[in-house]
Every structure is written in structure tokens, then in C-alpha cells.
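Comments concern the structure below.
The values are calculated or read from the model by the stated rules, or taken from the named source; none is laboratory data. As the structure is a prediction and not an experimental result, all values here were calculated from the model. Here the Cβ positions follow ideal geometry from the backbone for every residue, glycine too, while neighbour counts run over all protein chains shown. All accessible areas refer to the heavy atoms of the entire protein, side chains included, with ligands and DNA or RNA removed. Shrake-Rupley method; radii C 1.70, N 1.55, O 1.52, S 1.80 Å.
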Amino acid sequence: MGSPLVRWLAGRSPEDLAAILTHRPDVLVAPPLADLGALAGRLQMNGSVLAAFATVPLPAIQVVDAIAGCGGPAVTEERLATTLGRTPGDPDLVAALTVLAERALVWADADGTLRMAGALWSACAGPSRGAGWRARFDPEPPALTLADAPDDLVAREAAAAGTLAVEQVGALLDAIPIALLKSGGVGARELRR
């Protein structure tokens, strides 16, 4: 029945497919999808994969890094869990894998093997790390500490940032000629040469 992704998509419920399409709306461009093979092809396109990967949280990125470190693009959940210092079925690991599956970036085959999208594997493939290597996995974001700043310091920094912004816009306007409309306004394109 085709590629591993096509087989995995064929086993998804309509709700699961809707979740994938919600997270990857770029695959719905014309022409309409004829079948799961066409959907899988669009889900594997480099630009689409990398755009979807840019939307995932840190724990999911760390899972992808761990799969790559295990020598992916296919790895067992047990090996991944061990590499991350977790157990198979760990709720945080399952949550990260769910985020990736909802974007068709990493999915589990019928036999439990985790597979990574080809374009994602191409982007992050590196040398396989040794058997004792442990990947970092931080399911909870680090706590941020806030520090009070004196009002005069905030005002001074705001003024400096505003001045820099005005200078940069001025330099940009000097470098790029502005198209003027016959009525005297600024045009989006040049009307005369």
C-alpha cells in the first residue's frame, strides 16, 4: 500500500486526519488531493515539513534530535525512551510524540517503530551517537525570573531603541527609491521609468 506514511495515514481516523490537516494547512493547496498517496507526498515536501517543524515546542524538537542521534529515521519507542532517560509510555514523551504525529513529522508504525518524515531526517541527520549517549529532554519550560528595572533605565533604553529604529528606517528609505503616484501619494509600484 505504498510508503510507511501512506500506511500510517490509512490507519488514522477522520478526526486524526483532520488534526493533521489543521496543523498542516499548506498541503490543502490546489489541485485537490486525490488520495492518501497525494496527501503523503505533500506532507513530505521539504518546505512543508520544515514549516511544520518550526511550530513545535521544545520537547518535540528534543525528541526529533534524539531520534536523529539514535541513527533514525526509524527507531523503536523503547530505544527513544532510553535515550531520553524516560520509560516507554511516559506521559511527557507521549505528549511530545503526539505533537509530532499531529503534524505527520514523526509517527508510529503498526509494529511500534517510530518513523521520521524524510525531509525532517534530511535536515537533522548527523552521525549516530554512541550507545551510552543520553539526549536532553525538558518537558517543562524553565522558570523565568523577572527583575525589576528602574524607571529611568527603562525610559533611556526605550529612547535608544526608538532612535535606532528611526535611523534604520531612514537608511532604508535612502537606499530604496520610493515610487510616487501622480496624485502625490506613495505607490506600491513604480508608475513611470
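In the condition set (1) within 30 Å of Val56 (Cα to Cα); (2) of a type in the set (A, V, I, L, M, F, W, C); (3) surrounded by 11 or more Cβ atoms within 10 Å (Cβ to Cβ), Leu146 is compliant with all but (3).
The single residue among Leu5, Leu17 that is free of Cβ contacts under 8 Å to residues at least 40 places away in the same chain and either in a helix (DSSP H, G or I) or open to solvent by less than 50 Å² (accessible area, probe 1.4 Å) (or both) turns out to be Leu17.
Looking at region 22-49 only, could you name the residues that are within 15 Å of the chain's Cα centre (by Cα), closer than 21 Å to Leu114 by Cα and assigned to a helix (DSSP H, G or I)? Matches in region 22-49: His23, Leu43, Asn46, Ser48, Val49.
For residues that are among the basic types (Lys, Arg) and not in a strand (DSSP E or B), scanning just region 92-134, find the one that is farthest from Asp16 (Cα to Cα). Ranking the qualifying residues of region 92-134, first place goes to Arg129. Taking the listed residues Leu164, Leu120, Leu153, Leu114, the one that is open to solvent by less than 100 Å² (accessible area, probe 1.4 Å) and touching a strand residue (DSSP E or B) at 6+ places or on another chain (Cβ under 6 Å) is Leu114, with no other qualifying. Residue count for region 52-75 satisfying the condition of being open to solvent by 60 Å² or more (accessible area, probe 1.4 Å) and in contact (Cβ under 8 Å) with a residue 12 or more places away in the chain: 4.
Exactly one residue out of Arg86, Arg103 is out of contact with any strand residue (DSSP E or B) (no Cβ under 6 Å at 6 or more places or on another chain) and touching a residue at least 60 places away in the same chain (Cβ under 8 Å), and it is Arg103. Does Pro88 satisfy being open to solvent by 60 Å² or more (accessible area, probe 1.4 Å), touching a helix residue (DSSP H, G or I) at 6+ places or on another chain (Cβ under 8 Å) and at pLDDT below 95? Against the criterion (open to solvent by 60 Å² or more (accessible area, probe 1.4 Å), touching a helix residue (DSSP H, G or I) at 6+ places or on another chain (Cβ under 8 Å) and at pLDDT below 95), Pro88 qualifies. Residues being over 21 Å from Val6 (Cβ atoms) and either touching a Ser or Thr at 6+ places or on another chain (Cβ under 7 Å) or open to solvent by less than 10 Å² (accessible area, probe 1.4 Å) (or both) are represented in region 91-104 by at least one member. Within this structure, Thr113 fails the test of being β-branched (Val, Ile, Thr), within 19 Å of Ala125 (Cα to Cα) and in contact with a Gly (Cβ under 8 Å, 6 or more places away or on another chain).
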